[in-house]
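Below you'll find the structure, written out as structure tokens, and then a few comments.
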Amino acid sequence: MSFIARPYIRRLLKCPDVSFFLFGPRGTGKSTWLRHILPDALYLDLLDASLFLELSRDPHRLEAMGNDLADGAWIVLDEIQKIPALLDEVHRLIESRNWRFALCGSSARKLRRGGANLLAGRAITLNMESFSAAELGKPFDLSSTLEWGLLPMVQRKPEQAPDILAAYLDTHIREEIRQEGLLRNVPPFIRCMAIAGQFNGQVVNMQNIARDAAVARSTVDTYFSIIVDTLLGHFLPSWRAGLKVREAAHPKFYWFDPGVARAAAGWLRDPVDRPWEGFSLETLVYHELRIYNEVSRKHRPVYYYRTPAGVEVDFIIETSRRNSSKVPHIVAVEVKRADKWNRAWEKPLLSLASAGGVQAKRLIGVYTGERSYRFGAVEVMPFEKFCELLHNGGLF
């Protein structure tokens, strides 16, 4: 992979003018981004043991640490989930000192479940993912990314990808799972993660995973809630358009990054096959859709669609909801890991568009070839072209 080292890769996410939470998986560049966009801010990292102890014992010391700051000044609190009680003091200082806070963390789980003060609307929430193909630009290499993912540390040192990803998952389990006390018994969780890694991009059958991991079904539900709450993965719900009597209702599960999915599956030292790369490509498309939704602040719902007969469309973006006077408007996307487009792959898209009860604004085929085509209502394009269209606002 020909990656050109640069001191900083500009991210698509923009800094707001008001206080904000910034969440995202570990290693996605949150701290680097904050230091770049807020170079004059008072930066406090709660991974610093002495600072953690000081503010845990006396949250009011936060005001003393920034006592010379001007009205409207920024304070960055990194790893805010380490001290949820500190948010009461943040709330007070937003009101009394008019300071702005960037509150960064790799999980909102401890904040939500501990009943922490989430600032009652005084701070908006942003999410940061791994690099986007649009952020990398010309150095982006699809073939390598399908294997190793888009984590910044992997993109900067692709030759060390297996070791980096192995260490990444170990660090996540050690720091997010053990230290936060989310689990008492870690080995069953690791077994469950391995199974989930192997089924990246597929419908999740919790009962089967429970059997294979030798744990209770309720335990598997807990494990997946931890994976999702710590931002390692996302459930993609099925779209219930009402077009068929029996439509698939179970969600699919996608890891946030194909390289992390490979690490979870335990396949870092083994070559990946074509089906795996197909699910990796779907993972990348879903990744780009999430990033665009976040950056544009459109937050359009994203689903997949499949009937019991097996007709499936990989992604449905609902651009306008159904109401009493109109049918829903959608953009439908079919993804294929292939260098040549097979027109048989258009059938699910065309079937959905012609079913009635829905208005398909665009039908998109994404593949790994080099040419773009238009076959009637279906637009077929390379992955890179899809990303360019998406991030330029041309898709929805």
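Since every read-out is calculated from the coordinates, none of them should be taken as a lab result. Predicted model only: the values in this text are computed from it and were never measured. We place every Cβ from the backbone using ideal geometry, glycine too, and count neighbours over all the protein chains shown.
With point charges of +1 on the Cβ of Lys and Arg and -1 on the Cβ of Asp and Glu, referenced to the Cα centre of the chain, which listed residue (Ala123, Trp148, Ala213) lies farthest in the positive direction of the dipole?
So the residue furthest toward the plus end is Ala213.
Just need the relative contact order of segment 20-127 here, percent rounded to a whole number, with Cα pairs under 8 Å and 6+ apart.
Rounded, it is 39 percent for segment 20-127.
Could you please rank Phe383, Phe396, placing first whichever residue has the fewest other Cβ atoms within 10 Å of its Cβ?
The order, fewest Cβ neighbours first, is Phe396, Phe383.
Would you mind ranking Tyr223, Tyr8 so that the residue whose beta carbon has the fewest other beta carbons within 10 Å leads the list?
So the residues, fewest neighbours to most, are Tyr8, Tyr223.
Compute the angle between helix 274-296 and the longest alpha-carbon principal axis of the chain, please, reported from 0 to 90 degrees and rounded to the nearest 10.
60 degrees
Helix-derived [θ] at 222 nm for the chain: sum -39500 (n - 2.57) over DSSP H runs of at least 4, divide by residue count, nearest 500?
Theoretical 222 nm ellipticity from helices: -10500 deg cm²/dmol.
Quick check for segment 284-391: number of Lys pairs with alpha-carbon distance under 17 Å, counting only pairs 8 or more apart or on different chains?
Lysine pairs meeting the criterion: 6.
Given a cut-off of under 8 Å on Cα pairs at least six residues apart, what relative contact order in percent is computed for the chain?
13 percent
Excluding Glu294 itself, calculate the net charge of residues whose Cβ lies under 14 Å from the Cβ of Glu294, where each Lys or Arg counts +1 and each Asp or Glu counts -1.
+4
How charged is the neighbourhood of Leu268? Take every other residue with its Cβ under 14 Å from the Cβ of Leu268, and add Lys/Arg as +1 and Asp/Glu as -1.
With Lys, Arg at +1 and Asp, Glu at -1, the neighbours total -4.
Treating the beta-carbon of each Lys and Arg as +1 and of each Asp and Glu as -1, no other charges, what is the dipole magnitude of the chain about its Cα centre, to the nearest 20 debye?
1340 debye
Of [x] 29, 61, 10, 0; [y] 26, 55, 19, 0; [z] 17, 24, 17, 10, 7, 7, 10, 6, 2, 0, which is the value of P(r) over Cα pairs in 20 Å bins from 0, in percent derived from the coordinates here?
Matching the structure shown: [y].
I'd like the distance between the alpha-carbon centres of segment 329-396 and segment 253-325, rounded to an integer number of Å.
Answer, in whole Å: 14.
Among Ile173, Ala249, Phe199, flag the residue with its Cα farthest along the positive direction of the charge dipole of segment 133-281, charges on Cβ as +1 for Lys/Arg and -1 for Asp/Glu.
Final value for the positive-end residue is Ala249.
I need Met193, Met65 ordered by Cβ neighbour count within 10 Å, fewest first.
The fewest-first ordering by Cβ neighbours comes to Met65, Met193.
Which percent, to the nearest 5, of DSSP beta bridges fully inside the chain are antiparallel?
Beta bridges within the chain, antiparallel portion: roughly 40 percent.
Per-residue HN-Hα couplings for segment 126-139, Karplus 6.51 cos²θ - 1.76 cosθ + 1.60 at θ = phi - 60°, whole Hz, x for Gly and Pro?
10, 10, 10, 9, 4, 3, 8, 4, 5, 6, 6, x, 4, x
Under 8 Å for C-alpha pairs, at least 6 residues apart: give me the relative contact order for segment 133-281, rounded to a whole percent.
RCO, segment 133-281: 34 percent.
Output wanted: per-residue J couplings in Hz (rounded whole) for segment 228-237, from phi through Karplus 6.51 cos²θ - 1.76 cosθ + 1.60, θ = phi - 60°, x for Gly and Pro.
Couplings: 6, 5, 8, 6, 7, x, 9, 8, 9, x Hz.
For segment 284-391, with only Lys/Arg (+1) and Asp/Glu (-1) charged at the beta-carbon, what is the dipole magnitude about the Cα centre, in debye rounded to 20?
Rounded to the nearest 20 debye, it is 360 debye.
What net charge is computed for the residues neighbouring Lys30, neighbours being all others with C-beta under 12 Å from the C-beta of Lys30, Lys and Arg scored +1, Asp and Glu -1?
Residues close to Lys30 contribute a combined charge of -1.
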